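Contents: one structure, followed by commentary.
The values are calculated or read from the model by the stated rules, or taken from the named source; none is laboratory data. Here the structure is a predicted model, which is why all the values come from computation and not from measurement. Each accessible area value is taken on the protein alone, full model and side chains, heavy atoms only, with ligands, DNA and RNA left out. Shrake-Rupley method; radii C 1.70, N 1.55, O 1.52, S 1.80 Å.
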Amino acid sequence: MFEYVMYTSFSKSKISNEDLRELLSKSREWNSRENISGLLIYRFNEEFNRGNFLQLVEGPKKSIIKVWPRISGDTRHHTITVLEEGTYDQRIFPTWSMGFKNINDIDFIGLPGFLELTDDSFWANIANLKPRAFQLLKSFYDT
């Protein structure tokens, strides 16, 4: 049985490609040691001068309990919103200590299930969007 947590957050500032590579390298090292897998998506929105993270982490319950304070206490982001959490029998990202995608607006064209985090409708009814958020994340894995 595996636990998972999927969340979104805002970055405190624009994160450079070099800083993203360092974050990914350290995350992969730590996650490999702790039996965590998952996917991290980062997008910087030039129009709003703000970055967004979307991440799913999965692993044994003891590993998720250990990693969550590291994630939620990371000073590079704020306004963490848990979109979905739960358990399942098989990992979604079994071979990824941390998959990563740095996306641009062009990547969203025609993407089924895309939710604009700056849209008021996203925040007005977030509880009903959980399955759509999960499908969005999975679509990045599947492509």
- Could you order 89, 74, 19 so the one with the most accessible surface comes first? Probe is 1.4 Å. 89, 19, 74
- Item | Cα shape, segment 1-42, gyration tensor, a/c 1.5 rule | oblate
- Extension reserve of the residue 90-residue 78 stretch, reckoned as 0.36 nm per residue once the Cα distance is removed: 1.3 nm
